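The values are calculated or read from the model by the stated rules, or taken from the named source; none is laboratory data. Source: prediction; values computed, not measured. Cβ atoms come from the backbone with ideal geometry, glycine included; neighbour counts cover every protein chain shown. Surface areas here come from the heavy atoms of the whole protein model, side chains and all, with no ligands, DNA or RNA. Shrake-Rupley method; radii C 1.70, N 1.55, O 1.52, S 1.80 Å.
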Amino acid sequence: MEFECQRGTKIGLKDCSIDCVDYPCREKVDTSFFEPSKNPKSSIFDSEKQKSLWRLDGKGGSLSLKCEELLAVNEVLPDSRSITDLPPALISEILNCLEPKELGVVSCVNASLYRLASEHHVWKEFYCERWGQPILLAPLGAEHADEKSWKELFVEREFRSKTFMGRYSIDTLYGHTEAVRTVSVLSSKKLLFTSGYDQIVRMWDLEEGLSIASSRPLGCTIRAVAADSRLLVAGGTDGFIHGWRAEDGNPHLFDLRSPQNQNMEFRVWEHEGPITCLALDLNKMYSGSWDMSIRVWDRSSLKCLKVLMHNDWVWSLAPHDTTVASAAGSDLYVWDTNIGSELATITNVHAGNAFSLARSHTGKLLFTGGEDGAIRMFEISRNDKFYLRRVATWIPHSGAVYSLAFEFPWLVSASSDGKLSLIDVRKLLRTNRSYVMEKPSKVENRAIEPPQRMLHGFASNLFAVDVGLDRIVCAGEEGIVRIWNFSEALEIEQRVRALRGLRLENRMRRRKLQSEMTGKGSRADQCSVAAKKNQLNGDRNSWRNKRRVTGKQKA
């Protein structure tokens, strides 16, 4: 956006007459860029004043020519302005360049900047770049005028992201009779879907930890489940995709108990091997298989649109917009789903198979977990070409990493060693909203910190993990689903925050009372000192008067 300065606009400069007095400045300054004053008496650009570098000010001090020029500009442009006097469009552009923390600091300056910074549209961009649209609240608009502002939503969600370092409780869900291979959290509806070797898809209440419904046996091991508010799909070793459509008026969306209904339930088959991974977006469905292919489906017609062939078994996939990332064998791929072409490939990402894959909401960050126990972070960049750059590597596990889940800023991994690792990726991101990473050479040579937290207490072979609603859900070979509930930490932090605010308020109140008492005390001290002086002066005068009287009497 371009801005043109109006001819009548005046810019004020700070008066430096005090600082420049008796300052030994010997440097001659070119004054050709200053606009001369319209008043000939106040102009300093006449020939007589240009001959000398020094002159005397009104107090007899020496004033340099450089300071004279600044004073002359003050005479030409006498009005001093603040940022609030700038055009609103220009202020908006300035605030748009700031980070959330910087924008919060600006809002503390005065009431005007508080209003401008708090209501700025960039808070929506901050929120959506990290977490997408709010899952529990409808998007803000005219009909939601009483809802929270985007700044309040951002601050609350940022505050929630710290709870994974706090206290937790563990909820244990029993129901599966064999190992659980997959878990999927639907945060917007507070639902959890699990399945595994017992061939049954189970639906749970995520907050209460209660079983809601379970499907009939599907005839094969279910290795992948994906769900949104309109569709639930499960893929098994028979190559079929089993699906359920959401029912209107059903609080739990899907009726898994009823017998097969062609309107609400469907099956599709084109894979020639077991299905290992599934994903959904607004219009498409993605499935990966050991037949070394990914198939892209139309959600409404259930027709296969594209087939993306790989060189090895497909273990995991992660779509975003018009691209889909996939892990096949030990390699990492990125595909264009519109034309079905390969955009980028990195071979031998792990020593062994790359079992798991996760992607950030913006689609710019990729995370892979492999058979070697390592977790690698990649950045996707688009200029003239499509690039994949390795950013960081962690080795938190002694066994294979079977599953990854990412919710900004936490990356959670589940491994065959029976442990969960929690990694905060914020320190690897630059301080700009584009999340562009540093140059690979710098990041590769930098020591990467270990995971911020490790969660123990499981038997071996954790096969699946997911994150949502301040909870981490994991399951594995035991056939037990565990929910690590950090909502208690959120409640504790909220109480601590309220107490901290109350203490601050009390401290400010005490300081105000103390300053008032100090002001009254100083005035009383001044009065007492004046009274003492008057008393002393009165004593001296009376003593002198007495001497005069006694002298007169003697005379």
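Using 0.36 nm per residue, how much length does the chain from LEU305 to CYS108 gain when fully extended, once their Cα-Cα distance is taken away?
Between LEU305 and CYS108, full extension yields 65.6 nm more.
In sequence order, what are the phi-derived ³J(HN,Hα) couplings for region 302-311 according to the Karplus relation 6.51 cos²θ - 1.76 cosθ + 1.60 with θ = phi - 60°, rounded to whole Hz, with x for glycine and proline?
My calculation for region 302-311 gives 6, 9, 6, 9, 9, 10, 10, 8, 10, 9 Hz in order.
How large is the accessible surface of MET264 in square angstrom, using a 1.4 angstrom probe and rounding to the nearest 10?
Roughly 50 Å² of MET264 is accessible to a 1.4 Å probe.
When the scattering of region 371-412 is computed by the Debye formula from its Cα atoms alone, each counted once and equally, what is log10 I(q)/I(0) at q = 0.18, 0.22 Å⁻¹?
-0.64, -0.83
Could I have the simple spin-label model distance between ALA459 and GLN494, label points 7 Å from Cα toward Cβ, reported in nm to one decimal?
In this crude label model, ALA459 to GLN494 measures out at 3.7 nm.
Give the separation of the Cα centroids, region 154-207 to region 325-365, in Å.
26 Å
Sorted by packing (mean other beta-carbon atoms within 10 Å per residue), highest first, where do 206-217, 305-316, 359-370 land?
Averaged packing, sorted descending, gives the order 359-370, 305-316, 206-217.
R0 = 25 Å: FRET efficiency of LYS385 with ASP321, Cβ-based, nearest 0.05?
Once the sixth-power term is evaluated, E becomes 0.90.
Just how many % of Cα pairs in region 251-329 lie over 14 Å apart, if you round to the nearest whole percent?
When every Cα pair of region 251-329 is considered, 63 percent fall beyond 14 Å.
So how do ARG453, ARG500 rank on accessible area, 1.4 Å probe, biggest first, that is with the largest at the start?
Result of the area sort, largest leading: ARG500, ARG453.
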